Amino acid sequence: MQVGRLVKQLQSWGIWDQTLLIITADHGEELFEDGRCGHGGSLRDSLTRVPLLIHDPARFPPDVMVDEGAEGVDLMPTVLAAIGAPPSSAPQGEPLEPLAQGIGRGWVRPSYASQYEYAHAMRIGRWKIRVGPRGSPLVGDMAADPGETADAGPTHPVERRMLTDNLGLFLAIRRQWRKVDWGVVTNVSPAGALALDGASTP
């Protein structure tokens, strides 16, 4: 309701078509999936997969839905690009405008989330890995089991290996990772490949 009021006001001022509006959230909510209600208790998709809606007619085509992974760290570079500032000033993410326009579409991209730095998750397409404090990975097939009720790792060893390799690479140097220059772990750029040779782990 409040978003509708905002849009109507911007339209009445005649600036709606020149306005960049981003709607997202920092987390979702658990509703007793594991006997908990609230947020901060796990890395389930109900908590980590949040809406991301972008209105910017000059740069983002209307009615486009992006299936590839995007992350919260991509928002600042997206805003910086919209105002003409270099996206490299926010190196952790990358602008989402090219992806929305079709550049790089069709290549599965990861989305990463952490829980207080002691648990980590990465989703790549329909597959997701969660690693808690004990270090044992749980693999989820989010198409066949969206409620994340079973570990698919034992029956999907190839997917488990793909997920552990990609998450492991990212975790080893995540504080140095420059997505805008290096690409993503599922599609590292030539510059990223060179940088990885000189990267150091903590």
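Values as computed for the structure displayed
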read-out	value
Hits in the stretch 108-155 - residues which are in contact with a strand residue (DSSP E or B) (Cβ under 8 Å, 6 or more places away or on another chain) and acidic (Asp, Glu)	Asp141, Glu148, Asp151
In the stretch 131-187, the residues that are at positive phi, surrounded by 19 or more Cβ atoms within 10 Å (Cβ to Cβ) and either more than 16 Å from the chain's Cα centre (by Cα) or of a type in the set (D, E, K, R) (or both)	Glu148
Filtered residues of the stretch 90-110 (kept if surrounded by fewer than 19 Cβ atoms within 10 Å (Cβ to Cβ) and under 16 Å from Trp177 (Cβ atoms))	Pro91, Gln92
Any hit, the stretch 73-84, residues being touching a Leu at 6+ places or on another chain (Cβ under 9 Å), farther than 21 Å from Asp26 by Cα and free of Cβ contacts under 8 Å to residues at least 12 places away in the same chain	yes
Failed condition for Asp56, given (1) more than 24 Å from Gly140 (Cα to Cα); (2) out of contact with any helix residue (DSSP H, G or I) (no Cβ under 7 Å at 6 or more places or on another chain); (3) in contact (Cβ under 8 Å) with a residue 24 or more places away in the chain	(2)
Selection count where residues are under 24 Å from the mean Cα position of the chain (by Cα) and of a type in the set (S, T, N, Q), scope the stretch 1-36	2
Residues of the stretch 143-163 that turn out to be touching a residue at least 40 places away in the same chain (Cβ under 8 Å) and within 11 Å of Lys128 (Cβ to Cβ), as a count	3
Sole residue being free of Cβ contacts under 8 Å to residues at least 12 places away in the same chain and under 30 Å from Val64 (Cα atoms), chosen from Gly104, Gly125, Gly93, Gly183	Gly183
Single unsatisfied condition, Gly140 versus (1) closer than 15 Å to Ser42 by Cβ; (2) assigned to a helix (DSSP H, G or I); (3) not hydrophobic (A, V, I, L, M, F, W, C)	(2)
Test result for Ala191, part of a helix (DSSP H, G or I), over 21 Å from the mean Cα position of the chain (by Cα) and surrounded by 15 or more Cβ atoms within 10 Å (Cβ to Cβ)	no
Wholly enclosed helices (runs of 4 or more DSSP H) of the stretch 1-105 bearing at least 2 residues modelled with pLDDT of 85 or more and polar (S, T, N, Q)	2-12
Unmet criterion (only one of (1) over 18 Å from Val50 (Cβ atoms); (2) outside any strand (DSSP E or B)) for Pro146	(1)
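The values are calculated or read from the model by the stated rules, or taken from the named source; none is laboratory data. None of these values were measured; they are calculated from a predicted model. So basically every Cβ, Gly included, is an ideal-geometry build from the backbone, and we count neighbours across all protein chains shown.
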